[in-house]
Every structure is written in structure tokens, then in C-alpha cells.
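Notes for the one structure printed next.
The values are calculated or read from the model by the stated rules, or taken from the named source; none is laboratory data. Just so we're clear, the structure is a prediction, and the values are computed from it rather than from any experiment. Quick reminder, even Gly has a Cβ in these numbers, built from the backbone with ideal geometry, and neighbours come from all protein chains shown. Side chains are part of the model used for accessible areas, which takes the heavy atoms of the whole protein and leaves out ligands, DNA and RNA. Shrake-Rupley method; radii C 1.70, N 1.55, O 1.52, S 1.80 Å.
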Amino acid sequence: MTISNNPPAISPPTCELDPFSDDAMNDPLLVESQMRDMAPVVYLSKYGCYAATHYSSVSEIMSNWETFSSAKGVGIYDITAPEHQRMRAQLLEMDPPEHTTFRSVHNKVINPKFIRELRERFYDASNELVSGLPKNKPFEAISAVAVAYPMSVFPDLIGVAEVGRENLLPAAALTFNGFGPNNEILARSLEAGQKAQQWLISQAQPGAIKNGLAVQTHEVGESLGLSPFDTTALVFGLLSAGLDTTMHGIGWAIYLLAKNPDQFKKLKENPELARPAFDEAVRLGSPVKWFGRHSTSSSVIDGFTIPEDARVLVFLGAANRDGRRWEDPLEFNIERQTSGHVGFGAGPHSCAGQMLARLEGESVLKSLASYADEIEIVTEPSFDISNSLRGLHSLEIVLR
Amino acid sequence: MTDVTFVRADGSSTTLTAQEGLSLMQVAVQNGIPEIIAECGGSLSCATCHVFVEYDPTGELVDSRGAVENEMLECTAVLSKENSRLSCQIKIRTELSGLVVQVPDAQI
């Protein structure tokens with residue numbers, strides 16, 4: 001006889017909330033906390049899928065790729081179902097061992113050693129940009145810093161030609177909106193981004209970009225036995241996943257430092273905190289709201305049963321703001337031990353470019369801390385409306 | 001109980017009682033060993049939880065490195081050696097009691 005101390009597993013409670021409604025878009029933290037208060041896993045009746053919002057359930061699902069597969073898509077729909085059929089995103093929508101070779105290309109090209117060697121160049125670039133910002137005069141910081149800085153370093157690094165760069169953001173926005181439900185937001189994004197996405201696909205082809213990491217990605221991929229189609233998908237992934245997310249991380253960091261003068265003061269006193277400050281902003285802001293998985297077998301997560309062949313959305317931000325894991329979760333504390341936050345994901349699909357994002361975030365925050373004594377908010381921010389990203393659209397500030 | 005010892009760059013050492021099932025990295029982070037930064041939280045993406053295995057009661061640790069871990073160990077801030085491991089990939093079990101690792105003085 002087996003004696004178990006665990007209570008029997010039960011079905012996740014049904015939740016009628018809609019994390020993609022207009023209300024939720026305007027106040028995502030409210031919906032997320034309502035879901036989180038119900039259970040570690042809930043059933044979203046409107047979409048017929050499960051949602052995990054606790055740190056424990058989210059990290060377990062993301063790490064257990066065998067039970068929670070990415071191969072049927074990482075959006076809200078099962079992309080193998082006839083009504084939602086689309087081509088899968090290579091790498092992102094694959095499981096090991098197939099995933100491993102694709103990931104290895106990124107690991108070899110954007111490896112931590114290479115990124116360390118970019119340090120000086122990236123810091124020079126952020127100093128140049130930040131030292132040109134106005135002082136004692138209001139300006140819009142998202143376009144002037146959070147967007148401008150990655151745009152000044154990332155496309156060059158990948159090797160993207162100057163002409164056509166305006167396509168990068170609408171194309172990326174479409175990629176991230178495309179993971180969500182078939183709603184108004186996606187319709188608008190399709191209109192704004194479909195041509196841009198075609199341009200991005202053309203840029204991702206072997207030979208289209210003549211230098212930089214795009215070329216290396218094709219070369220390393222080929223050497224590992226990947227086809228031109230496969231390496232095109234990898235370059236497409238780099239171009240569409242590497243900008244928006246970092247911009248949102250920087251946007252959050254500027255906003256949170258402006259909102260918390262004591263933390264900006266700490267950063268000024270110790271510029272080495274720039275890097276942890278960026279991670280804390282990624283934790284608290286969580287630029288990627290959620291990703292989807294598909295269960296390959298029935299399992300019990302935090303005492304709740306998730307059946308086989310079900311879609312499961314993991315809410316990264318909800319996990320990163322879960323009071324069961326984080327002390328004063330909504331407080332921005334740049335000295336917090338943030339290791340283990342899931343803002344860059346977790347498990348085999350954790351963000352391949354996270355060390356590059358950290359370098360960009362660290363550089364720009366260091367530059368800001370040495371250039372300005374204070375950051376004041378002039379107008380509270382407006383937020384981007386996106387099915388799967390969360391970040392600032394505009395924020396007017398004054399630097400003193 | 002599993003005792004693990006971290007030897008710091010300055011020669012001082014800290015012995016911790018580690019809970020089984022956690023990774024060595026998690027034990028270090030939870031107990032404030034500052035040299036173990038572990039930015040990616042254990043998903044083999046950052047190479048900032050590098051350690052040198054100085055005494056391994058099982059004798060198996062160095063041989064159980066995975067392919068991705070090896071890839072990451074080529075990118076550590078302090079050059080990796082034959083006895084290098086990423087501490088996020090070492091799962092604590094009782095047989096490891098007595099483990100001694102040296103932490104490098106740089107991870108980023």
C-alpha cells in the first residue's frame with residue numbers, strides 16, 4: 001500500500017476572465033492577479049485552454065518540455081488543428097532533440113564570450129546616444145532612448161542594411177501579435193506589418209545580408225547540417241525577436257528608475273547595479289506576457305490535473321509578480337536577487353539572446369546614471385497594445 | 001543532509017547544508033554566494049554560475065557534463081578547465097556530501 005501525504009489532484013477551476021479583452025489590455029496586472037488568486041492553473045473557458053500564473057506552476061511547465069511541448073505552436077492555438085494551421089516557427093516551435101541543433105547555432109553565434117567582447121562598443125554607443133539627450137527639458141524617452149538605442153546597435157550587429165530598417169518593428173509586432181487570438185489587435189497588426197514581414201523574410205534568406213551575425217548564423221547552421229530554409233528561419237527569428245523585447249525591457253527600466261528616485265540614486269552611487277537593475281526591470285515589467293505549450297500526457301501541476309492534448313498558456317509576468325515567490329513583488333528593488341525570474345523564459349526555450357539584451361540594458365542604464373542626476377516623469381506613460389508583449393509606448397521625462 | 005563547500009577566490013570558504021533536488025547553483029544563490037550570479041536562472045544560456053570541482057566524492061561530476069554545457073563552458077569569463085562545471089547542472093544528492101568547489105573571481 002502506498003500512503004501519500006499529497007491531497008488528490010483536482011481539476012483546475014474554470015475562469016471566465018479574458019486576458020485578451022480591452023480591459024485586460026489596459027490593466028493586465030488586474031486580470032493576472034485575479035487568475036493567480038484562483039489557483040496555480042485555471043481553465044480559461046473563453047479559449048478552451050489552461051493558464052498557469054504561479055511562479056511554481058509556470059516554471060515547472062516551462063522546464064518540463066517533454067510533457068509541455070512547443071511543437072504544436074507557442075501561441076494560443078494548436079497550429080496542427082485544421083482551422084488554425086500555419087507553418088511552425090523553427091526553433092521556437094520545436095522540442096529537443098530536433099530543437100537542440102537549431103539552438104546550438106544561436107549558442108555558438110551569440111555566445112557569452114562574443115557578447116563580452118562587444119561591451120566597450122555597446123557602452124560607447126550608449127554614451128554617445130545618452131549624452132545627446134536634452135537636460136532640464138521634457139522629451140519622449142521611449143522613442144529617444146528605449147527604441148533608439150537598440151536600433152543604433154542591433155541592426156548593425158546582425159548586418160541589416162540601412163534601407164528598409166523601418167520594417168523591423170512592424171514585422172516584429174506582427175510576429176508577437178500572431179501568437180494571440182484572432183482579434184482586432186491582430187487584424188490591425190496584419191495591416192501594418194504584413195509587407196514588413198515579407199521584407200524581413202527576404203532579408204533572412206542566405207546571401208541577402210552581406211555581413212554580421214546573419215551571415216554567421218547561415219554559415220554555422222550549414223556546418224551543423226541545417227538547410228537554407230532552416231537557417232533562414234533562424235535569421236528571421238533573430239530579427240523578429242531581438243528588438244521589441246529589449247526595447248520594452250529598457251522602457252520599463254527607465255520608467256521604474258524614474259518612478260523610484262531612491263533606486264536611481266542607488267544606481268548612481270554604484271553603477272555596477274546597472275545590470276541587476278535591468279534584470280529587475282525585466283522581472284517586474286515582463287516584456288513577454290505569455291507563451292503557449294501543448295500537453296503530451298496528463299500531469300499534475302501544483303495539485304491540479306492538466307489532461308493530455310490540452311493547450312496551456314504560461315503567464316511569465318504573473319509568475320514574476322507572484323508574492324509566493326517574490327517578497328514585495330510589485331516593488332522595484334535593484335538590489336533584489338532576481339536569479340530565477342522567468343522574464344526571459346526558462347528551460348530549453350529560454351531566450352537565446354538574453355545576454356545581448358542584458359548588455360544593451362546595462363550599457364544604457366550606466367550611461368543614464370552617469371549623465372543625469374535625476375529623472376522626473378512629466379506625463380505618465382501610455383502602453384503598447386499587443387497580444388503577447390507588454391511595454392511602454394510613450395513616456396515623457398525630464399533629465400536633471 | 002548534503003554538505004557542500006564553496007572556496008572563494010580569496011581562499012576563504014563557506015560550507016552549506018544543501019537540500020536534495022536543488023541545483024548547486026540554487027543552493028549558492030539562496031545562500032548568498034555572490035560569485036554565483038546565475039543570470040539565466042539555470043537554463044544554460046549565460047555561463048555565469050561557473051565552478052571548478054576540487055573534491056568530488058562521487059568521482060562522476062566532471063564526466064557528466066552535457067553537450068550544451070560544454071558549449072557554454074567555452075564562453076566563461078574565467079577560462080574553463082578540465083574540472084569546470086556549470087553549477088546549475090549539478091543536482092544535489094546525498095552521495096555528493098563533502099563536495100568542494102572553487103568559484104572563479106569573474107563570471108560576466
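Nonpolar atom fraction for chain A, defined as the carbon and sulfur part of the 1.4 Å probe accessible area, stands at 52 percent. For the peptide A:330-340, the mean number of other protein chain Cβ atoms found within 10 angstrom of a residue's Cβ is 3. Under the simplified labelling scheme, the B:GLN30-A:SER394 pair shows an inter-label distance of 4.8 nm, with each label point 7 Å from Cα along Cα→Cβ.
Pairs exceeding a 28 Å alpha-carbon distance, out of A:LYS113/A:LYS210; A:LYS113/B:LYS91; A:LYS113/A:LYS265; A:LYS135/A:LYS195; A:LYS366/B:LYS81: A:LYS113/A:LYS265; A:LYS135/A:LYS195; A:LYS366/B:LYS81.
When every alpha-carbon pair in region B:8-67 is counted, what percent end up more than 17 Å apart?
When every Cα pair of region B:8-67 is considered, 47 percent fall beyond 17 Å.
Taking amide H as placed 1.01 Å from N in the peptide plane, A:CYS49 has its amide H under 5 Å from the amide H of A:LEU44, each at least 5 places away in sequence or on another chain. Once the GluC sites (Glu not before Pro) in DSSP loops with at most 13 neighbouring Cβ atoms within 10 Å are cut out of chain B, the longest remaining piece is B:21-59.
Partner aspartates and glutamates whose Cα lies under 20 Å from the Cα of A:LYS46, excluding those fewer than 8 positions away in the same chain, are identified as A:GLU16, A:ASP18, A:ASP22, A:ASP23, A:ASP27, A:GLU32, A:ASP37, A:ASP78, A:GLU83, A:GLU184, A:GLU308, A:ASP309.
Convex hull volume of the C-alpha atoms in region A:135-228, normalised per residue: 139 Å³. Mean-square fluctuations from a GNM of chain A, with a 10 angstrom spring cutoff on Cα atoms, peak among A:VAL378, A:VAL74, A:VAL342 at A:VAL378. The smallest convex shape that holds all Cα atoms of the protein assembly as shown, its convex hull, gives 156 Å³ per residue.
Only protein heavy atoms count here, probed at 1.4 Å, and on that basis chains B and A bury about 1500 Å² of accessible area in total. Counting only the Cα atoms, region B:11-108 fills a convex hull of 93 Å³ per residue. Here region A:242-307 and region A:343-371 have alpha carbon centers that stand 10 Å from each other. Accessible surface for the protein assembly as shown, divided over its residues, is 42 Å² per residue with a 1.4 Å probe.
Once each part is reduced to its C-alpha centroid, what is the distance from region B:17-34 to region A:83-98 in angstrom? Taking the Cα centre of region A:83-98 as reference, the centre of region B:17-34 is 35 Å away.
Accessible surface of A:HIS248, taken over heavy atoms with a 1.4 Å probe and every protein chain present, rounds to 10 Å².
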